[in-house]
Structures are given as C-alpha cells and as structure tokens.
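The structure appears below as structure tokens.
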Amino acid sequence: MNFSINQVKQIAKLARLSLSDQDIEKYSKDLNQILAYVEQLQELDTEGVEPMLGAVQNQKALREDIVINSGLQEKMLANAPDSEDAAIKVPQMS
C-alpha cells in the first residue's frame, strides 16, 4: 500500500493540519517509507517468539516503598498558620 497525495491531504484535513503542497509531498514520501519498513518487518519469521510486555524484561521499574521519618512533617506544620491532627487546616470553600 502506498499513500497518495490525496490520501495525505485527507489525513491532514482529518487532523486539522494546514500543510503546504511541499509538506504534503514530503509526508507522502515519509509515510510510504514507513509502510515499506513495516512490510519488511512482516516478512520476519516470528514463529516461537514469546510476546514481550516491554522492551526490558524482568526489571523492577519502581523502588521499594519504605516508610521513613524525615522530620519534614513537623517542620511543615510548624510553618502552617493552623493545623489539626497532623494536617494543615484551611478555610472552608463554599
């Protein structure tokens, strides 16, 4: 499949992009190169290849959740104009 100039104009219209004729021609070539690459990938033999959830497998993305007492809560509450039960009290909005 190749993107024609008219198809790129239609895509630009749907995306509400105002493109010059030069841009439309450039994007048409770019889209066709992308499609050619995807078609090339379709030819790969992926039989027996397990699907991946991400590019890096079996790594923890987040650190452990460790509770520490940094002493910042007391400093924050000391600067607050009014506090109650370890929270800053603010005027009620109506």
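A short reminder: the numbers here are calculations on the coordinates, not readings from a lab. Predicted, not measured: the structure shown is a model, and the values here were computed from it.
Annotations
- In the chain, the DSSP-assigned H stretches of four residues or longer account for a calculated mean residue ellipticity at 222 nm of -13500 deg cm²/dmol, using -39500 (n - 2.57) per stretch and the full residue count as denominator.
- Degrees, to the nearest 10: 5-14 long Cα axis against longest axis of the chain: 20 degrees
- As a ratio to 2.2 N^0.38 Å, the alpha-carbon radius of gyration for the chain is 2.29.
- Between 0 and 90°, nearest 10: helix 21-42 axis offset from the chain longest Cα axis: 90 degrees
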